[in-house]
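Nothing in this text is a laboratory measurement; each read-out follows from the coordinates by a stated rule. All of these numbers come straight from a predicted model, not from anything done at the bench. No Cβ is skipped: glycine too gets one built from the backbone with ideal geometry, and neighbour counts run over all protein chains shown.
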């Protein structure tokens with residue numbers, strides 16, 4: 001999740017982390033040849049990130065209003081809990097705090 005008054009800025013701040021989350025899960029679950037203590041997942045991700053297809057689920061990135069609308073669609077079908085993982089990748093701590101504060105308002 002990343003919100004900002006400027007939707008493009010929200011996307012810029014979090015897109016790599018959002019993609020990295022999906023990449024890292026797929027690495028462990030599907031295609032990765034993981035060597036603990038040796039595999040540098042971030043470096044591998046940096047080499048291929050621009051070739052990755054658009055990841056579905058980016059409705060949690062944007063302006064506060066769009067995030068509320070996105071979450072309401074889940075609530076409308078009975079989902080009452082969401083897990084946000086804004087700390088994936090190299091997202092800046094201050095950007096995460098700003099987003100959480102803006103979301104809380």
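Tabulated results
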quantity: The chain, relative contact order in percent, only Cα pairs under 8 angstrom and at least six apart counted; calculated: 49
quantity: Helix-only [θ]222 nm of the chain, DSSP H runs n ≥ 4, -39500 (n - 2.57) each, per residue, nearest 500; calculated: -16000 deg cm²/dmol
quantity: Semi-axes of the equivalent ellipsoid for the stretch 2-104, Cα gyration tensor, largest first, Å; calculated: 27, 16, 12
quantity: Inter-site label distance for residue 81 and residue 25 at 7 Å from Cα along Cβ, in nm; calculated: 1.6
